[in-house]
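A short worksheet on the structure shown next.
The values are calculated or read from the model by the stated rules, or taken from the named source; none is laboratory data. Quick caveat: nothing in here was measured; it's all calculated off a predicted structure. Here the Cβ positions follow ideal geometry from the backbone for every residue, glycine too, while neighbour counts run over all protein chains shown. Heavy atoms of the whole protein, side chains included, go into the accessibility calculation; ligands, DNA and RNA do not. Shrake-Rupley method; radii C 1.70, N 1.55, O 1.52, S 1.80 Å.
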Amino acid sequence: MDKSGSKEHLPHIEQIPLLGLSKREESFDSPYDRRSEVYRQLAYEYAKEHTRQQNQQHIWTVPNLLTFLRLVLVPVVMALWYAQHDLAQLLVAVLFVTASVTDWLDGYIARKFEIATAFGAFLDPVADKIMVTAVLILMSIEPPPPISQTQMAVPVVVMCCREVTMSALREWAASAGGAAHKAVKVNSFGKWKTALQMTSMSLLLFCKDRTGRVSGIFEGVHLTVLQVSYVSWLLLCAAASLAAWSLAIYFANVWTHFVAPPAPQREKAA
């Protein structure tokens, strides 16, 4: 009997304790003989399943828990924003700074200890955008003095529109794959935008403190709350400008893929 055809599609598989059979139970006549095609097929399926189970990633790692914490903090921040307690606004600022630190910390831990996961790569930017967008909207409704709602709305609208557009662009690039996907990786403008955005938003939140603690700190360096608030708003506008500029760079990088997309590959005939 010619077995050359079966050897082509069934690779060599090392002997494994698949069926829990003893040597005496295996014979030339047994359907479970390791030399039989039945056993080889079962062993091949077992090897694939065993490899898949070994490659499964643990979801609740420390970086992912820190990322999930940022999501949990969003409703807490919203509740504190409208709370009447004098400490509420100060707590909002502290929680936002904490969330910003965890945004850096989870990535550092994942890289340092090589425990990055696919779920973490998805959840991290989602948690970051939800927290930032929520706080931006809250500040546009009730900005710290002397910033007006109109003044605050300008950078907020620019940033929110940029994030929506960037998410759609990255989704398209991921589906296109290849060079298009590489063209939308984070650039230096995006990193500077994030740094300016987090710094300015943190300062603006601290400027809403009603306890007088923050104003006392500012007075120690010969600044008033109104001065810090206005400078922080200017930094937020600078971050919005960088956000728009980085988006233009991303579009320039992928423009050739828009006007001359690669031809779709035809499926090979079976």
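Looking at Phe96, Phe68, which is the one that is modelled with pLDDT under 95 and not aliphatic (A, V, I, L, M)?
Phe68
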Residue list for segment 158-181, restricted to those being β-branched (Val, Ile, Thr) and in contact (Cβ under 8 Å) with a residue 12 or more places away in the chain: Val158, Thr165
Every residue from segment 112-150 that is under 14 Å from the mean Cα position of the chain (by Cα) and open to solvent by 20 Å² or more (accessible area, probe 1.4 Å): Ala116, Ala118, Phe119, Ala121, Phe122, Asp124, Pro125, Val126, Asp128, Lys129, Ile130
Residues that are more than 20 Å from Lys185 (Cβ to Cβ) and either of a type in the set (A, V, I, L, M) or at pLDDT 95 or above (or both), drawn from segment 112-126: Ile115
Any hit, segment 85-95, residues being part of a loop (DSSP other than H, G, I, E, B) and in contact (Cβ under 8 Å) with a residue 24 or more places away in the chain: yes
Count - residues of segment 77-111 that are surrounded by fewer than 19 Cβ atoms within 10 Å (Cβ to Cβ), within 29 Å of Glu171 (Cβ to Cβ) and among the aromatic types (Phe, Trp, Tyr): 2
Residue list for segment 91-118, restricted to those being among the acidic types (Asp, Glu) and within 16 Å of Leu71 (Cα to Cα): Asp103, Asp106
Close pairs from segment 199-223: first on the phi < 0 side of the Ramachandran plot, partner open to solvent by 60 Å² or more (accessible area, probe 1.4 Å), Cβ under 6 Å, at least 6 apart: Arg210/Asp86; Thr211/Asp86
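Confirm whether Val184 is more than 23 Å from Met78 (Cβ to Cβ), touching a helix residue (DSSP H, G or I) at 6+ places or on another chain (Cβ under 7 Å) and either in contact (Cβ under 8 Å) with a residue 40 or more places away in the chain or not aromatic (Phe, Trp, Tyr) (or both). Let's see the steps before the verdict.
On the way: more than 23 Å from Met78 (Cβ to Cβ): yes; touching a helix residue (DSSP H, G or I) at 6+ places or on another chain (Cβ under 7 Å): yes; either in contact (Cβ under 8 Å) with a residue 40 or more places away in the chain or not aromatic (Phe, Trp, Tyr) (or both): yes.
Against the criterion (more than 23 Å from Met78 (Cβ to Cβ), touching a helix residue (DSSP H, G or I) at 6+ places or on another chain (Cβ under 7 Å) and either in contact (Cβ under 8 Å) with a residue 40 or more places away in the chain or not aromatic (Phe, Trp, Tyr) (or both)), Val184 qualifies.
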Residues of segment 248-266 that turn out to be open to solvent by less than 70 Å² (accessible area, probe 1.4 Å) and at pLDDT below 80, as a count: 1
